[in-house]
Amino acid sequence: QVQLVESGGGLVQAGGSLRLSCVASGRTFISYGMGWFRQAPGKEREFVAAISWRGDNTYYGDFVKGRFTISRDNAKNTVYLQMNSLKLEDTAVYYCARHRGGNYYIPGEYSYWGQGTQVTVSS
């Protein structure tokens, strides 16, 4: 059984930064790409970023525009999302997920999901 546990969310002022972490259980973490999605109230789940299993390829949603950086530490079974220059519209629950293959941008291509961590950006 794979478990993903996110942390690092919280309340931050616009323009501030947060770093989210996602720790995965199991020995197969290194074999899979990982992704971050977010979901705001009343909206569909939205792709944020993804990283290949070796960390040599990264993918970002259009809205990121250089503000976020995804990274991973396979020795720690952890994937990170560094978020800078946060905006009010970044407020959402952020989820990490394990990629099972195919298109990184589509939620259906992920087989395991964490419980989410709330990010709230205030003015």
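The values are calculated or read from the model by the stated rules, or taken from the named source; none is laboratory data. Worth saying up front: this structure is predicted, and the values here are computed from it rather than measured. Here Cβ is always computed from backbone atoms with ideal geometry, including for glycine, and neighbour counts include all displayed protein chains. These accessible areas exclude ligands, DNA and RNA; they are computed on the full protein's heavy atoms, side chains included. Shrake-Rupley method; radii C 1.70, N 1.55, O 1.52, S 1.80 Å.
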When Gly15 is evaluated against the numbered criteria (1) without any contact (Cβ under 8 Å) to a residue 40 or more places away in the chain; (2) assigned to a loop (DSSP other than H, G, I, E, B), which criterion, by number, is the only one it fails?
-> (1)
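Yes/no per residue for (1) of a type in the set (Gly, Ala, Ser); (2) assigned to a strand (DSSP E or B); (3) touching a residue at least 60 places away in the same chain (Cβ under 8 Å); (4) buried (at least 18 other Cβ atoms within 10 Å of the Cβ):
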{"position": "Gln1", "(1), (2), (3), (4)": "no, no, no, no"}
{"position": "Gly26", "(1), (2), (3), (4)": "yes, no, no, no"}
{"position": "Pro41", "(1), (2), (3), (4)": "no, no, no, no"}
{"position": "Asp56", "(1), (2), (3), (4)": "no, no, no, no"}
{"position": "Tyr59", "(1), (2), (3), (4)": "no, yes, no, no"}
{"position": "Phe63", "(1), (2), (3), (4)": "no, no, no, no"}
{"position": "Arg72", "(1), (2), (3), (4)": "no, yes, no, yes"}
Provide a single number: the residues in the range 92-112 that are open to solvent by 50 Å² or more (accessible area, probe 1.4 Å) and among the hydrophobic types (A, V, I, L, M, F, W, C).
-> 1
Would you mention how many residues in the range 28-39 are surrounded by 15 or more Cβ atoms within 10 Å (Cβ to Cβ) and not in a loop (DSSP other than H, G, I, E, B)?
-> 7
Of the residues Gly108, Gly61, Gly114, which single one is in contact with an Asp or Glu (Cβ under 6 Å, 6 or more places away or on another chain) and among the small types (Gly, Ala, Ser)?
-> Gly114
Within the range 6-39, tally of residues that are under 30 Å from Ser123 (Cβ atoms) and out of contact with any Ser or Thr (no Cβ under 8 Å at 6 or more places or on another chain) | 8
Restricting attention to the range 74-96, the residues that are aliphatic (A, V, I, L, M), within 16 Å of Gln39 (Cα to Cα) and assigned to a strand (DSSP E or B) number exactly 4
Give the residue that is nearest to the chain's Cα centre (by Cα), with candidates limited to residues of the range 74-90 that are under 24 Å from Ala40 (Cβ atoms) and open to solvent by 40 Å² or more (accessible area, probe 1.4 Å).
-> Gln82
Output for the range 63-72, where each listed residue is at pLDDT below 95 and not aromatic (Phe, Trp, Tyr) | Val64, Lys65, Gly66
Cβ-Cβ under 8 Å pairs, at least 6 apart or on other chains, the range 81-106 side within 15 Å of Gly9 (Cα to Cα), far side open to solvent by 60 Å² or more (accessible area, probe 1.4 Å) and of a type in the set (Lys, Arg) = Leu81/Arg19; Gln82/Arg19; Met83/Arg19; Ala92/Lys43; Tyr95/Arg45
Please find, within the range 45-54, the residue that is modelled with the highest pLDDT out of those that are open to solvent by 20 Å² or more (accessible area, probe 1.4 Å) and part of a loop (DSSP other than H, G, I, E, B).
-> Arg45
